[in-house]
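The values are calculated or read from the model by the stated rules, or taken from the named source; none is laboratory data. Computed from a prediction, not measured in an experiment: that's the story for all the values here. Note that each Cβ is placed from the backbone with ideal geometry, even for glycine, and that neighbours are counted across all protein chains shown. Keep in mind that these areas ignore ligands, DNA and RNA; they rest on the heavy atoms of the full protein, side chains included. Shrake-Rupley method; radii C 1.70, N 1.55, O 1.52, S 1.80 Å.
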Amino acid sequence: LWSNGGVEIPTSVPAGLETTPARPEEVTMVEAKKVKQGSKVQFVHSLCHAESYAVDLMWDIIARFADQGLPREFYDDWCKVASDE
């Protein structure tokens with residue numbers, strides 16, 4: 001919808017937008033030496049987290065700057081990046 005002009009440029013920050021991007025409340029950090037090195041499962045797991053956070057941040061940027069009167073190209077770029085991720 002966005003790429004063909006079916007969605008208008010936002011003009012205000014969405015009501016209820018959190019002050020920080022969404023993140024899990026509790027994250028268990030594991031020392032690198034305790035993770036099986038070279039594990040494809042661990043690699044894919046880490047990649048999924050990185051991609052998930054990247055996409056989340058793209059949409060968060062769009063929402064947070066909605067009231068700044070920025071040109072459509074600003075939102076086009078972030079939508080494309082989020083889509084690419």
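Scanning for something hydroxyl-bearing (Ser, Thr, Tyr) and open to solvent by 50 Å² or more (accessible area, probe 1.4 Å), does the range 63-76 turn up at least one residue? No: zero hits. Of the residues examined, SER3 is not one that is in a helix (DSSP H, G or I), within 20 Å of the chain's Cα centre (by Cα) and of a type in the set (S, T, N, Q). Kindly indicate whether any position in the range 29-51 is under 17 Å from SER83 (Cβ atoms) and either open to solvent by less than 70 Å² (accessible area, probe 1.4 Å) or not in a helix (DSSP H, G or I) (or both). Yes, there is a match, as at least one residue in the range 29-51 is under 17 Å from SER83 (Cβ atoms) and either open to solvent by less than 70 Å² (accessible area, probe 1.4 Å) or not in a helix (DSSP H, G or I) (or both). Look at the range 6-25: where a residue is open to solvent by 100 Å² or more (accessible area, probe 1.4 Å) and a partner is not in a loop (DSSP other than H, G, I, E, B), sitting 6+ places away or on another chain with Cβ atoms under 9 Å, you get GLU18/ASP60.
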